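Below you'll find the structure, written out as structure tokens, and then a few comments.
The values are calculated or read from the model by the stated rules, or taken from the named source; none is laboratory data. Note that the structure is predicted; figures quoted are calculated from it, not measured. Neighbour counts are summed over all protein chains in view; Cβ atoms, including those assigned to glycine, are modelled from backbone coordinates with ideal geometry.
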Amino acid sequence: MSQERYEKLLLDRTHSKRRWENQPAEEITLKEIDREEVFRIVDIARSVGRLVGPIGRSLPDVLDRLGLRKNGQILRAAVVLFGKTFLPDYPQCELRMARFRGTDKTEFLDQRQIRGPAFKLLEEAELFCQRHFPLPAKIVPSQMRRVETPLIPPDAMREILVNALVHRDYSIAGGAVSLAIFDDRVEVWSAGGFPRGITPASLTRNHLSVQRNPIIADVFHRTGLIERWGRGTNRVIAMCRDAGIPAPDFEEITGAAVVTFQVNVAGAAQRTAQVTAQVTGQVTGQVTGQVLRFCQIPRKANEIQKLIGLRHRESFQNNYLKPLLEKGWLERTIPDKARSRMQRYRTTVAGREVIERDER
């Protein structure tokens with residue numbers, strides 16, 4: 001058998017004692033651990049009831065409590081979770097994100113590459129999704145609002161991102177977690193394939209929880225982001241089914257675990273734009289009617305703006321006052337002195353006809 005296969009079998013056999021995550025992080029001292037991030041996560045763990053008992057403000061004691069030090073030495077898992085510096089020794093603590101035009105990787109619309117502690121990478125991935133996932137919606141009849149439906153259930157997307165960060169093979173120095181958004185799908189890639197004993201097919205059924213990095217997984221568990229029962233992918237499938245989208249595809253491609261959501265990103269973006277335009281039209285129409293009604297009594301511009309609840313003077317002038325003057329539905333009481341401090345605006349005969357038509 002190949003040397004790589006042989007070494008992998010040896011690593012699997014000695015998994016409890018000799019994993020990448022539980023080896024000492026050579027030359028890493030407490031100064032290279034982000035104290036603020038450590039205690040941020042500790043506070044979250046305490047708030048969800050998964051870290052009980054007295055906890056001081058001693059960084060070494062907290063790292064010991066979380067299993068991130070052994071015999072006074074900081075472990076590699078601590079760098080993954082709370083490190084400050086990742087080059088040159090920990091380049092694999094990386095997140096790659098891209099929004100591509102179309103259905104292949106020919107053209108980027110946006111891309112980012114970040115190295116950082118695992119929880120920060122998760123937050124960055126979620127922000128990237130929020131920025132590039134359209135929010136399809138529909139107008140509710142007789143109401144000036146829209147009902148929004150996420151492209152992918154946020155909890156399902158978070159579960160897959162967490163799994164990619166927790167269960168990946170950190171021994172691959174050039175590896176990373178990748179988030180790729182295309183017009184027709186969303187892919188999450190995790191270096192190292194699935195843990196031994198897990199297959200893509202098994203993830204769609206009841207299966208055991210096999211943890212490649214149990215120390216890292218334990219800290220994520222304490223924050224409430226994952227469970228320990230191997231139900232994560234089953235819950236993702238159920239959430240997608242409830243949301244009316246296909247269950248994700250699970251694959252292993254060239255040594256990476258890949259999860260693909262087959263969703264129409266481009267189509268959803270187009271529908272979102274159409275609904276936004278419809279909502280804008282409704283709002284503009286309603287505000288126009290309010291202005292015309294208010295100005296049946298001559299009023300100053302700032303008074304009108306205050307009555308309709310708009311904060312920005314320029315927006316009020318450009319979107320409402322000027323268009324109504326141009327249509328002849330509103331007129332100035334001092335036509336020859338547009339900037340007079342005594343200037344007021346009143347509804348014209350044509351404007352009153354608009355009000356009467358709306359009321360019918």
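Annotations
- Of all residues in region 267-308, those that are at pLDDT 70 or above, surrounded by 14 or more Cβ atoms within 10 Å (Cβ to Cβ) and among the hydrophobic types (A, V, I, L, M, F, W, C) total 9.
- Qualifying residue in region 94-104 (condition: polar (S, T, N, Q) and under 17 Å from the mean Cα position of the chain (by Cα)): no
- Screening region 216-233 for residues that are crowded, with 16+ Cβ neighbours inside 10 Å and farther than 24 Å from residue 97 by Cβ and picking the one that is modelled with the lowest pLDDT gives 230.
- Only one of the listed residues (53, 49, 102) is in a loop (DSSP other than H, G, I, E, B), in contact (Cβ under 8 Å) with a residue 40 or more places away in the chain and more than 20 Å from residue 23 (Cβ to Cβ). That residue is 102.
- When restricted to residues that are part of a loop (DSSP other than H, G, I, E, B), touching a residue at least 24 places away in the same chain (Cβ under 8 Å) and surrounded by 14 or more Cβ atoms within 10 Å (Cβ to Cβ), region 15-46 contains 8.
- Residue list for region 190-215, filter: at pLDDT below 85 and β-branched (Val, Ile, Thr): 198, 199, 204, 210
- Any pair with Cβ under 6 angstrom, 6 or more apart, that starts in region 248-260 at a residue that is within 20 Å of residue 156 (Cα to Cα) and ends at one that is buried (at least 21 other Cβ atoms within 10 Å of the Cβ) and among the polar types (S, T, N, Q): 257/190
- Residue list for region 175-204, filter: touching a helix residue (DSSP H, G or I) at 6+ places or on another chain (Cβ under 8 Å), in a loop (DSSP other than H, G, I, E, B) and more than 20 Å from residue 98 (Cα to Cα): 194, 195, 196
- Residues of region 68-77 classified as surrounded by 12 or more Cβ atoms within 10 Å (Cβ to Cβ) and either at pLDDT below 95 or touching a strand residue (DSSP E or B) at 6+ places or on another chain (Cβ under 6 Å) (or both), total: 3
- Test: residue 86 is aromatic (Phe, Trp, Tyr), closer than 25 Å to residue 225 by Cβ, in contact (Cβ under 8 Å) with a residue 24 or more places away in the chain and surrounded by fewer than 20 Cβ atoms within 10 Å (Cβ to Cβ): yes
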